[in-house]
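Take a look at the structure set out below.
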Amino acid sequence: MQTKIEFRKQQLEKLANNTLETNASGSKLAEKLFMTDIWQQAQTIGLTMAGKIEVPTEMISVQAKREGKRVFLSAHVARTPDGLFTSRDRK
């Protein structure tokens, strides 16, 4: 049986090797989201910006701003060398 670490490594490799497919899927998902009642009724959107190999979320942020929605992005939290978590301020 695969360990969690092995599985995660395998999934990250798949994402890294399929960026075109991942981006295309992200566009399709975003379009479906924009058509939902909950999106159309929302005045505020909470979002985590995607990394390079993840399903893109920037288009969701852009569309929300176009529609006059308030967009909140999660604070970036990073692991320090000693294994603790710390937030990074954007300046």
Near the amide H of Ile53, under 5 Å away, which other amide H atoms are found, from residues 5 or more places off or on another chain, if H is placed in the peptide plane? none
In sequence order, calculated HN-Hα J values of the range 7-14 (Karplus, 6.51, -1.76, 1.60; Hz; x Gly/Pro): 4, 4, 4, 4, 5, 5, 5, 4
Each residue of the range 15-21 in order: what ³J(HN,Hα) in whole Hz does its phi give by Karplus 6.51 cos²θ - 1.76 cosθ + 1.60, θ = phi - 60°, with x for Gly and Pro? 4, 5, 8, 10, 5, 5, 5
Residue-normalised accessible area of the range 4-52, given per residue in Å² at a 1.4 Å probe: 83
Would you please give the residues with an amide H less than 5 Å from that of Ala42, counting only those at least 5 places away or on a separate chain, with H modeled from the backbone geometry? none
What is the distance, in nm, between label points placed 7 Å from the Cα along the Cα-to-Cβ direction at Asp37 and at Glu67? 1.5
Accessible surface ranking that places the most exposed of Met35, Met1, Met59 first, with a 1.4 angstrom probe: Met1, Met35, Met59
Hey, can you grab everything whose amide H is under 5 Å from the amide H of Val71? Only 5+ residues off in sequence or another chain; H modelled, so Pro and N-termini drop out. Ile45
For an R0 of 30 angstrom, estimate the FRET efficiency from the Cβ-Cβ distance between Ala24 and Thr3 and round to the nearest 0.05. 0.45
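The values are calculated or read from the model by the stated rules, or taken from the named source; none is laboratory data. Computed from a predicted model, the values in this text were never measured in an experiment. FYI the Cβ positions are ideal-geometry reconstructions off the backbone, even for glycines, and counts take in every protein chain you see. Remember, those area values only see protein heavy atoms, side chains included, never the ligands or the DNA or RNA. Shrake-Rupley method; radii C 1.70, N 1.55, O 1.52, S 1.80 Å.
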